Every structure is written in C-alpha cells, then in structure tokens.
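Enquirer: Here you go, one structure.
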Amino acid sequence: MSSIMTNTAAMTALRSLQSTNTALESAQARISTGYRVAEASDNAAYWSIATTMRSDNKALGTVQDALGLGSAKLDVAYTGVNSAIDVVDEIKAKLVAAREPGVDRTKIQSEIGELQNQLVSMTSSASFSGENWLSVDSAAADYTATKNIVASFTRDSAGAVSIGTIAIDLTATTLFDANALGGGILDTTFTTTGAGAVTVSVATLDITAASIDNTDIDEMITNVDTALASMTTAASNLGAAKSRVSLQSDFVSNLMDAINRGVGQLVDADMTEESTRLQALQTQQQLGIQSLSIANSSTQSLLSLFR
C-alpha cells in the first residue's frame, strides 16, 4: 500500500542512517583520542581499573625518585667511608714507623695529626641533601639510628595500599658522633696499658708524650686495625644497600612499563581496526543517505496520479 502519511521505507532508512552516524561518531572519537575506553560510559569496569592503575603508576614514579635520592645518599656515604679507610690505613702505617727505635716521633705525630684533620674534614663534608650518615649527633632531638629509603608502593587484593622501605642502620656506619655518650668508629676511646696509659681514640691519638712506650704504641696499632675492620664492614654494608637500591630502582622502572602495557591492553584503541571500521562506516553512511533519498522520492511519484 502506498501512503503519504506513513513512509515505512524512509523510516527504516532513517533508523539505519542514525545507527551508522552513531557508530561513526564513536569510531572518530576513538581515533582522535587513541582510546577505546576514554570515559566511564565506554566501559565502567575497564575505566575504573585503568584510572586506579594510572594513579598507582604515578606513585611508583615518586618511589623511583625516592630511590634515586637514597642511592645518592648511600653513594656519598660509601665514598666517604672508602676514602677514610685509606687515611686510617696511613695512620696505622705511621704508628708502625713510630715503633722503630730512634725515630723522631714528633715528626710522625705531625703527619698523623694532619691525617686526623683530614678524617674530620672528609666525614663532615660527606653530606647530601642536608643529611650526613658518617658524622652524627646521637643526642640531637631529631636523630634516628635507622634511615629508611622509600622503595615500593603496593596495593593488595582488598585495595589497601602500603609503602615499603629499605632500612639503613647508622650505628654500623657512623665514624664520628658528637654525643659524648655515643661513639663513632673513629672517636670511640680506648685506654692503653703501657707506661703512658693514655685514653685516646683513632681521631685523637698522640705519640709525643715522653711516657709513651712500645706497649702503648702496639695497643694503638691494634685499636686502629680494629677500627679499620669496622670501617671495612661499614663500607660493605653501604655497598650492599646501594646495590639493593639499584636493583629495586630497575624493578620499579620495569614494573611501571608493565603497568602501562597492561592499561594499554584495556583501554587503548587498535588504530588499524578503527581506521578500517571508519572507512566502512563512511561508506555505509553514504549508502544510507542515498537509500533515504530514494525512500523519500518514492512519495513524489504519487503526485503523477493526480495530474
């Protein structure tokens, strides 16, 4: 039945064209943004996951910065301890030389004194970002014996987040402690049992007193050697911590890349697929327009019946 009130063919063509236009707009939006899921309305579940993981990845970026800062502090402390080991080694050699009969101990002490001054200078300058892990004051109100480096950001299955840290024990690395009740490796005092019976530390030992005998010097050498062993352990601990921080930094970097890839799998648009779909939809749109035009023109042919 031909009717001028209801054009079924035109209505069908119009609905088809509207559906094609909607799909075309969606394809164009995906191509322009690069996302298959750009808004929550596209896919609420995937959008929620992607938004959360992007936020976590941003937090991991901050963790990586913190690891870089911690690595720098460890590197400075390690360099300071390693250099101090060389100086203390020289002090031990000078003490051995002082053991030789007939040597001028005053001249040897002059050299030792300069080496001791160098130790103080080196440790006080081994600071990074306002923190010195070699020269401390354990009596200070803000002093903590353990330094923590932020190392990880974790979200469990329940959605709870936590921060992981790498702990550095300063009691094993401190060379100088301004607190009289404390004691670093180089300023911890000992008392010799020879004729001189002096109470000194590696940083303050003096062999110029007339009462100092070979027993005193031997005990000084022993205590300096003990300090060297403690410093070697401190350097080993700092080196191991520095290696762990480096490994953790690499892991965080790889983890961030993996999260980015995972988020991309959820929300990124396949540009090859979308471009192909766009061309097909553009063709469908043109055919739909032509179909609608034909359906609308069919009613015009009814006018010929009234001529």
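Only the coordinates and a few stated rules stand behind these numbers; no lab work does. What you see is a predicted model; the values in this text were computed from it and never measured. Counting neighbours? That spans all protein chains shown, and the Cβs are built from the backbone with ideal geometry, glycine included.
Enquirer: Explain nothing, just compute: Karplus ³J(HN,Hα) = 6.51 cos²θ - 1.76 cosθ + 1.60, θ = phi - 60°, for every residue of the stretch 200-216 in order, whole Hz, x for Gly and Pro.
Expert: Per-residue couplings from phi come out as 9, 10, 4, 7, 10, 4, 9, 10, 8, 5, 5, 7, 5, 10, 4, 5, 4 Hz.
Enquirer: Enumerate the amide H contacts of residue 152 below 5 Å, restricted to partners 5 or more residues apart or on another chain; note that Pro and chain-start residues carry no placed amide H.
Expert: 164
Enquirer: Further question on the same structure: D for the stretch 1-104, whole µm²/s, Stokes-Einstein with Kirkwood Rh over alpha-carbon pairs at 4 °C and 1.567 mPa s: what number? Each step should come with its number before you reach the end.
Expert: On the way: Rh = 22.0 Å.
For these conditions, the coefficient is 59 µm²/s.
Enquirer: Which three extents, in angstrom, do the Cα atoms of the stretch 80-200 have along their principal axes, listed largest first?
Expert: For the stretch 80-200, the Cα spread along each principal axis is 77, 26, 22 Å.
Enquirer: If R0 is 51 Å, what FRET efficiency do you get for residue 148 and residue 275 from their C-beta distance, rounded to 0.05? Can you show the working numbers first?
Expert: On the way: r = 51 Å, r/R0 = 1.00.
FRET efficiency, residue 148 to residue 275: 0.50.
Enquirer: Got a sec to turn the phi values of the stretch 94-99 into Karplus ³J(HN,Hα) couplings, 6.51 cos²θ - 1.76 cosθ + 1.60 with θ = phi - 60°, whole Hz, x for Gly and Pro?
Expert: Karplus values, whole Hz, x for Gly and Pro: 5, 5, 5, 5, 5, 6.
Enquirer: Given the rule -39500 (n - 2.57) for each run of at least 4 DSSP H residues, summed and divided by the residues of the chain, what is its mean residue ellipticity at 222 nm, to the nearest 500 deg cm²/dmol?
Expert: Numbers: 5 runs with 184 residues, N = 307.
For the chain, the value works out to -22000 deg cm²/dmol.
Enquirer: Let me ask another. Which length gain, in nm to one decimal place, applies between residue 52 and residue 172 when the Cα-Cα distance is subtracted from 0.36 nm times their residue separation? List each step's numbers first, then the result.
Expert: Values: separation 120, 0.36 × 120 = 43.20 nm, distance 4.07 nm.
Stretched fully, the residue 52-residue 172 segment lengthens by 39.1 nm.
Enquirer: For the stretch 120-168, what are the per-bin percents of Cα-Cα distances with bins 5 Å wide, up to the bin holding the maximum?
Expert: Going out from 0 Å in 5 Å bins, the stretch 120-168 shows 5, 16, 18, 18, 14, 10, 8, 7, 4, 1, 0 percent.
Enquirer: Could you check which residue among 246, 138, 291 shows the biggest mean-square fluctuation in a GNM of the chain with a 10 Å Cα cutoff?
Expert: Fluctuation is largest for 291.
Enquirer: Step through the residues of the stretch 250-255 one at a time and calculate ³J(HN,Hα) from phi using the Karplus curve (6.51 cos²θ - 1.76 cosθ + 1.60, θ = phi - 60°), rounding each to whole Hz and writing x for Gly and Pro.
Expert: 4, 5, 4, 4, 5, 5
Enquirer: What FRET efficiency comes out for the pair residue 246/residue 22, r = Cβ-Cβ distance, R0 = 41 Å, nearest 0.05? Intermediate values should be presented prior to the final figure.
Expert: Numbers: r = 53 Å, r/R0 = 1.29.
It comes out at approximately 0.20.
Enquirer: What angle do you read, to the nearest 10 degrees and between 0 and 90, between the alpha-carbon axis of helix 8-33 and the longest principal axis of the chain?
Expert: 20 degrees
Enquirer: Next question, about the same structure. Could you quote the convex hull projected area for the chain, Cα atoms only and averaged over all directions, in nm²? Working shown, then result.
Expert: Numbers: hull surface 105.9 nm².
Taking a quarter of the hull surface, the average projection is 26.5 nm².
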